[in-house]
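Throughout, read-outs are computed from the coordinates displayed, never taken from laboratory work. These figures come from a predicted structure and were not determined experimentally. Every residue, glycine as well, gets a Cβ built from its backbone with ideal geometry; the counts of neighbours run over all protein chains shown.
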Amino acid sequence: MNEPAQPKLRVATTSLAGCFGCHTSFLDIDERLLELLKHIEFDRSPLTDIKHCGPCDIGIIEGGVCNAENVHVLREFRANCKILIAIGACAINGGLPAQRNHLSLAEVLEEVYHAQHGLVDGFIPNDPELPLPLDKVHPLHEVVKIDYFIPGCPPSADAIWKVLTDLLDGREPELGHDLIHYD
Amino acid sequence: MTSHLETAANLENLRRIAIDPVSRVEGHGKVTILLDDKNRVHQVRLHIVEFRGFEKFIQGRPYWEVPVMVQRLCGICPVSHHLAASKALDVIVGAKHLTPTAEKIRRLMHYGQILQSHALHFFHLCTPDLLFGFDSEISRRNIAGIAEKYPETARRGILLRKFGQEVIRHTAGKRVHGTGSVPGGVNKSLSIIERDELLKDIYQMVAWSRDAVLMVKELHHQNPELYNSFGAFRANFMSMVGFDGGLDLYHGHLRGRNANGDVLFDGVDYQNYTQLIEEEVKNWSYMKFPYLKSLGRELGWYRVGPLSRIQNCDFLATPLAEIERREFIAYGGVMPMHAPLAYHWARMIEMLHAAETIKDLLHDDDLTGSELVVSGERAFEGVGVIEAPRGTLIHHYRVDEHDLVTMCNLIVSTTHNNQAMNEAVRRVAQQYLQGHEITEGLLNHIEVAVRAFDPCLSCATHALGKMPLEVEVLNEAGERLSYFARSGAGTHAC
Ligand code: SF4
């Protein structure tokens, strides 16, 4: 990265129906995080206490869309971020949570809240504070336009670093053969 | 022991404030607070708002996929799920005793995970509250603020976490979602080169972990009023302890104590956990509420995690951490410490213990052995328990004669702490919010209490629920992608 002459870029990140593993891999850039912090500042992210995404240069989203609230947050990111990146298998194709897509929601509910081992007087939570689950888990690009995809479960820290530094330096991000993997 | 404030008597004329999402924690949760026009608090709830339904869709999968799949529930502590599932499946493949190499590689992986997870939680997520103050300026209340004001602290946190992740990479093959553990053992041991690479840094890690204990202890001593009373409530506590009574995060049996520290049960074989624990559902959270059967729903809830473990075990087998444990116990006096902020102190003692344990393991030649997997008489049901960074983690599976999973039950660490976290936020609401103009800084106090437990709301979202509403998701062209509705009688997904 070049020396910071410009104001810092604002970066927002969030996890929708993901496991936080993609965020973990982001933190796996290790000491390079300190370098990165000279060039960017975080907007909404699990690392800050900013609760809503404001105007940003880059938005990074892990996880697909599994409930009404995810849709809302995704749209908020799209409306505010110049560049939106889908990171990881869940964001790109639904990932593990999408394994419920071949089951009916009712079946899954029954299993977890009625049939479960050691559960007494089971019933299904239905408070209005709980966001409505969708019948299927969707990848992000089915709901909004996504500018870049970083594959992997999770993508390696080096892959994430490469995309970010390319963007910071004004290059078109490119992973190259060695940084693309799907596991 | 259950406090009031769980449910307001009358919802009329109450104002709702939501902390949504709870930030600087792993996973998705929110807190709602109902207040009247004099800012008196009537209801406070920590809601777990997401779901996965893992218990259902794992059914019908071959059992050997489970240790790899189940990690995708949580990318913060994937190793815990990887190992708890492996331990349950050890029972199913009849691996009564793993080879010394397999057991020690798994232990190394696990203690690497404890180290990285505790470092992440303390340095990246919590130091902003502890070093700047709970209501300090929001723009610097994060790791970037710490890196600017306390660069050495931030650097050490990053490097401690990095070391833990490297231990995981060398034992599991990958830093996140590795594949090292398999039913009956492991699929790789350490090469001499890998071992030496870790040995090179471990002494520095032990020293920095010790400094971290001193730092948090100092914070506690500087402000005992705050640290001893903030969000404090009395509770039962539970953890797995080693068969010798010492702290053992990988294997042992279950022990529980009441709020006075008296032993409630001990030496319980975790294969029988269903005789000990039951769960109930509350309609406002996707996360269930477990309790000890013997004490019942009202009195039987309990706390897990570092604060429980450090006070539940008889000793720590590593010298530096044991000195710190004794000091911690002495500080508490005759009664156990219940203060949520004491979690940080206990957690750093565990981090030191993990670093020392890794050091000892790295000097053990079994790590480079070549006998990796065993099996024996096939069983059809197995339970695996591990002390994950956040507390006791239970995995329970049944597998049929075709090797397919027919039943899965998970009780994750954060679920055990569900009632306890709710108690803590209610206490804080009473202590700080009651009758005051609600500010952002005051609301962060609530989050400080949640963070103390290091909840992994990601783990806790494997369940699923329904809502008395309808929703549609449209794509940009306005076409319907997804729809969900519930009628009065049942659930319909279309
Ligand atoms: S892609 Fe993998 S690592 Fe990322 S959120 Fe999904 S399951 Fe977790």
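Enumerate the lysines that A:K136 could reach by cross-link, defined here as Cα to Cα under 24 Å, with residues fewer than 8 away along the same chain left out.
A:K145, B:K30, B:K56, B:K288, B:K466
Starting from 0.36 nm per residue, how many nanometres of slack lie between B:Q204 and B:E152 once their C-alpha separation is accounted for? Don't jump to the answer; show the numbers that get you there.
Working: separation 52, 0.36 × 52 = 18.72 nm, distance 1.40 nm.
Contour length minus the Cα-Cα distance gives 17.3 nm.
Note down the net charge around B:G178, summing +1 for each Lys or Arg and -1 for each Asp or Glu among other residues with Cβ under 14 Å from its Cβ.
On the way: positive: B:R72, B:R106, B:R169, B:K174, B:R175, B:K188; negative: A:D28, A:D183, B:E166, B:E194.
So the surrounding residues net to +2.
Give me the net charge of B:L130's neighbourhood, meaning all other residues with Cβ under 14 Å from the Cβ of B:L130; Lys, Arg count +1, Asp, Glu -1.
On the way: positive: B:R24, B:R140, B:R141, B:K149, B:K217, B:R347, B:R451; negative: B:D129, B:D135, B:E218, B:E447, B:D454.
For residues surrounding B:L130, the net value is +2.
Find me the longest stretch of chain B that has none of the exposed GluC sites (Glu not before Pro), where exposed means in a DSSP loop (not H, G, I, E or B) with at most 15 other Cβ atoms within 10 Å.
Working: sites that count: B:E6, B:E12, B:E137, B:E371, B:E377, B:E401, B:E437, B:E476, B:E479.
Within chain B, the longest run free of exposed GluC sites (Glu not before Pro) spans B:138-370.
Go through B:Q116, B:A147, B:Y63 and say which Cα lies farthest out towards the positive end of the charge dipole of segment B:40-179; charges sit on Cβ, +1 for Lys and Arg, -1 for Asp and Glu.
B:Y63
For a quick check: sort B:T153, A:T13 by the number of other beta carbons within 10 angstrom, fewest at the front.
B:T153, A:T13
Could you list A:C19, B:C408 in order of exposure, starting from the residue whose Cβ has the fewest other Cβ atoms within 10 Å?
Values: A:C19 35, B:C408 25.
By the 10 Å Cβ count, ascending: B:C408, A:C19.
At a Förster radius of 22 Å, what calculated FRET efficiency corresponds to the Cβ-Cβ distance of B:M335 and B:E137, to the nearest 0.05? Kindly include the intermediate steps, with their values, before the conclusion.
Working: r = 37 Å, r/R0 = 1.67.
Working from the Cβ atoms, E equals 0.05.
Please report B:S308, B:S229 as a ranked list, fewest other C-beta atoms within 10 angstrom at the top and most at the bottom. If you can, show how the numbers build up before the last one.
Details: B:S308 28, B:S229 12.
The order, fewest Cβ neighbours first, is B:S229, B:S308.
What per residue convex hull volume, in Å³, comes out for segment B:54-416 when only alpha-carbon positions are used?
Per residue, the Cα convex hull of segment B:54-416 comes to 138 Å³.
Rounded to the nearest 20 Debye, what is the dipole magnitude of segment B:54-416 about its Cα centre when Lys and Arg each give +1 and Asp and Glu each give -1 at the C-beta? Walk me through the numbers on the way to the answer.
Values: 39 positive and 43 negative charges, 168 e Å.
So the magnitude is around 800 debye.
How far apart, in nm, are the 7 Å Cα→Cβ label points at B:N260 and B:H402?
5.6
With unit charges on the beta carbon (Lys/Arg positive, Asp/Glu negative), name the residue among B:S80, B:L214, B:L299 whose Cα is farthest towards the positive pole of the charge dipole of chain B.
B:L299
So which trypsin sites (Lys or Arg not before Pro) in segment A:99-164 are both in a DSSP loop and have at most 13 other Cβ atoms within 10 Å of their Cβ?
When the trypsin sites (Lys or Arg not before Pro) of segment A:99-164 are filtered for loop state and at most 13 Cβ neighbours within 10 Å, A:K145 remain.
So what is the 222 nm mean residue ellipticity for chain B from helices alone, if each DSSP H run of at least 4 adds -39500 (n - 2.57) and you divide by all residues, rounding to the nearest 500 deg cm²/dmol? Intermediate values should be presented prior to the final figure.
On the way: 17 runs with 193 residues, N = 494.
Helix-only estimate at 222 nm: -12000 deg cm²/dmol.
Would you mind listing how long the protein assembly as shown runs along its three principal axes, going by Cα atoms, in whole Å with the largest first?
On the principal axes, the protein assembly as shown reaches 61, 60, 60 Å in Cα extent.
Can you give the FRET efficiency for B:E6 and A:A79, using 1/(1 + (r/R0)^6), R0 = 41 Å, r = Cβ-Cβ distance, to the nearest 0.05? Spell out each step's value before the answer.
Numbers: r = 37 Å, r/R0 = 0.89.
The calculated FRET efficiency here is 0.65.
Over chain A, what is the relative contact order in whole percent, taking alpha-carbon pairs under 8 Å and six or more residues apart?
Values: 322 pairs, mean separation 46.4, N = 183.
Taking the mean separation of contacting Cα pairs over the length of chain A, I get 25 percent.
Could you name the aspartates and glutamates whose alpha carbon sits less than 13 Å from that of A:K38, not counting residues in the same chain fewer than 8 places away?
In chain and number order, the partners are A:E3, B:E148.
Determine which lysines satisfy two conditions relative to B:K188: a Cα distance under 28 Å, and not lying fewer than 8 residues away in the same chain.
Excluding near neighbours in sequence, the set is B:K87, B:K96, B:K104, B:K162, B:K174, B:K200, B:K359.
Defining a contact as two alpha carbons under 8 Å apart and six or more residues distant in sequence, what relative contact order in percent does chain B show?
Working: 1015 pairs, mean separation 120.7, N = 494.
Across chain B, relative contact order equals 24 percent.
When only DSSP loop residues count, what chymotrypsin sites (Phe, Trp or Tyr not before Pro) in segment B:254-318 have their Cβ near at most 15 other Cβ atoms within 10 Å?
Working: sites: B:F265, B:Y270, B:Y273, B:W284, B:Y286, B:Y291, B:W301, B:Y302, B:F315; in loops: B:W284, B:Y286, B:W301.
Qualifying residues, ordered by number: none.
Which loop-located GluC sites (Glu not before Pro) does segment A:1-59 contain, where loop means any DSSP state but H, G, I, E or B and the Cβ has at most 14 other Cβ atoms within 10 Å?
Values: sites: A:E31, A:E35, A:E41; in loops: A:E31.
Here the sparse-neighbourhood loop sites are A:E31.
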